[in-house]
Each structure stands twice: as C-alpha cells, then as structure tokens.
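Notes to accompany the following structure.
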Amino acid sequence: MGRFEGKSVVITGGSSGIGLAAARRIVEEGGSVLITGSNADRLERAREQLPAVHILVNDASKPEAGQALADEAERLFGTIDAVFLNAGVGAGAPLGHLTPDVYRQLMDLNVGGPLFGTQALAPIVRDGGSIVITASIAKDKGMQASALYSATKGAVRSLVRGFARELAPRRIRVNAVSPGAIETDFFNRLGLPEEHASAVVQQIAAGNPLGRVGTAEEAAAVALFLLSDEASYVTGADYCVDGGDAQL
C-alpha cells in the first residue's frame, strides 16, 4: 500500500516541474490529486500525462484564488489530507531596476499565494493533516539581482513557523521545502535562449558541492515525505534540497 492510498492532496503550481513530479508520485502511491496553475494549456498537457488528476485554472497571486481553490477541493473531496503550496515565481531585478510591478508580482504570488492559500484551505484539511510550502535556498544566500525574490522566500519561512504554531492544536503539520538549483524549465520560461539557459545551469552545477543541479523528482521526494504520515513528528521545519549549496 502506498503512503497516499485513499488520501486527497491539493498542489498549486502543479502543471510542471516539482509540482507535477509530486502529483505523479502521489497518484502512483494511490492518492487523489487536484493540481492548479495559471496557464490552461500547461494544465491540459499535465492532465494528458496524468489522466487521473483533477485540474483547476487558478492564479495563486490573486487573494480570492485561495477560496476558489478551497471550494473546488471541498466539492471534489470533502476534506483533504494534505496541501502542497508550490506556486511561485523566480523573477527579479538588480537595484535600479526594481519597479512596483516587479514588487507586486513577486509579493502577490510568492507571499500572498501561500498566505491566502493556507488561510482558505486549512479549514478543510483534516486534523492530523499536512501543509508544505515551497521556499528556496535564496532566503539563506546573498544572490545577484535577487534581493526581492530572497525576501519573499524569507517571508515564506516565517509564515511556515507562524502557521505551524497556529495549527498545532489540530495536529496539522506545516513545513517548508527549500530547493536549490533544480533542473526544470525555469530558465526557459524566463525567456533565456536554450544555449544561454544551458550555460547558466552548467555554471551553477560547477559551483555546487555535489557538482550538479537537482531534479524535480528529488525535490518532490522531500516534499512528499513532509506531506506523508512518515513525517508525523515534523512541523515548523525547513528542508533544503540543494546538494549542500546553502550549507557548505
């Protein structure tokens, strides 16, 4: 029997990368999954890969999106066992190029998404369930042109601590997973040409203690541990999946 047999899980940002890898594993382990994304075409492509999943076009940067997601999850499942709030954006800019639009884009999605998502979904998470939020090792490092992005992920870390304390009376565990460089379509979606994106990845890999970037499946595996009952005595924690980059 799989860890998610008979369980229902909601994943935001589930149409690609870490979110999609997590959805695939949960389905393989017997779970039911609702994934969201803001791009309808990518969601449909994800469902082609995983016909068993439910999909919902849902822009996590909108404050009202959390309640819309909770309503759909309750319609599908009643109560839910776990939530993976993975939607986020990695855009940034150096000093002198930070604009109100960039600020709103990052804050509304990276901070507002998990804040309003947790607030809306927590009432339908069963007592003893789990919530995992994607942060980033950027919160622990000084990175070029990433001060604002790093700040949003630092805010996520603080949200996790606060939510974990508030939801502890219901035995709902709240944890963060902090990926480092992960092999996804992140750089391509930023508009970098394929050759440039490949060069960036190679440069990052060369500086990593393990000499490579991680995979979406490796990051999803850690998130799934935290979502599962195997992590029944873990809450308020932050698990780095970064090949040691933030530690060594």
Legend entry - Exclusive hit being in a loop (DSSP other than H, G, I, E, B), aliphatic (A, V, I, L, M) and open to solvent by less than 70 Å² (accessible area, probe 1.4 Å), set Ala120, Ala68, Ala82, Ala87: Ala87
Legend entry - Residue count, the range 123-136 (criterion: crowded, with 22+ Cβ neighbours inside 10 Å and more than 14 Å from Ala164 (Cα to Cα)): 3
Legend entry - Filter result for Asp41 (open to solvent by 30 Å² or more (accessible area, probe 1.4 Å), out of contact with any strand residue (DSSP E or B) (no Cβ under 9 Å at 6 or more places or on another chain), within 27 Å of Ile172 (Cβ to Cβ) and part of a helix (DSSP H, G or I)): no
Inset, instruction - Working only within the range 123-170, note down all residues that are in contact (Cβ under 8 Å) with a residue 24 or more places away in the chain, assigned to a helix (DSSP H, G or I), of a type outside the set (A, V, I, L, M, F, W, C) and more than 29 Å from Thr79 (Cβ to Cβ). - result: Lys139, Asp140, Tyr149, Thr152, Lys153
Legend entry - Which numbered condition Ala60 fails, given (1) assigned to a loop (DSSP other than H, G, I, E, B); (2) without any contact (Cβ under 8 Å) to a residue 24 or more places away in the chain; (3) within 20 Å of Val132 (Cβ to Cβ): (2)
Inset, instruction - Could you tell me which residue of the range 171-183 is modelled with the lowest pLDDT, considering only residues that are surrounded by 17 or more Cβ atoms within 10 Å (Cβ to Cβ) and not in a strand (DSSP E or B)? - result: Ala181
Legend entry - Subset of the range 233-242 (residues that are part of a loop (DSSP other than H, G, I, E, B), over 16 Å from Val83 (Cα atoms) and either among the aliphatic types (A, V, I, L, M) or open to solvent by less than 30 Å² (accessible area, probe 1.4 Å) (or both)): Asp242
Inset, instruction - With the checklist (1) on the phi > 0 side of the Ramachandran plot; (2) surrounded by 15 or more Cβ atoms within 10 Å (Cβ to Cβ) in hand, flag the one item Gly96 doesn't pass. - result: (2)
Inset, instruction - Kindly establish whether Ala21 is in a helix (DSSP H, G or I), open to solvent by less than 20 Å² (accessible area, probe 1.4 Å) and touching an Asp or Glu at 6+ places or on another chain (Cβ under 8 Å). - result: yes
Inset, instruction - Could you look through the range 145-170, keep only residues that are basic (Lys, Arg) and farther than 19 Å from Ala219 by Cα, and pick out the one that is least open to solvent (accessible area, probe 1.4 Å)? - result: Arg170
Legend entry - Selected residue (only one of Glu194, Glu230 is of a type in the set (Asp, Glu), farther than 21 Å from Gln119 by Cβ, open to solvent by 30 Å² or more (accessible area, probe 1.4 Å) and at pLDDT below 95): Glu194
Inset, instruction - Could you check, for the range 93-100, whether at least one of its residues is in contact with an Asp or Glu (Cβ under 8 Å, 6 or more places away or on another chain) and assigned to a helix (DSSP H, G or I)? - result: no
Inset, instruction - Determine if the range 200-222 includes at least one residue that is open to solvent by 50 Å² or more (accessible area, probe 1.4 Å), among the aliphatic types (A, V, I, L, M), touching a Gly at 6+ places or on another chain (Cβ under 9 Å) and modelled with pLDDT of 95 or more. - result: yes
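The values are calculated or read from the model by the stated rules, or taken from the named source; none is laboratory data. Computed from a predicted model, the values in this text were never measured in an experiment. With ideal geometry, Cβ positions are generated from the backbone for all residues, glycine too; neighbour counts draw on all protein chains shown. The accessibility values were calculated without ligands, DNA or RNA, using every heavy atom of the protein model including side chains. Shrake-Rupley method; radii C 1.70, N 1.55, O 1.52, S 1.80 Å.
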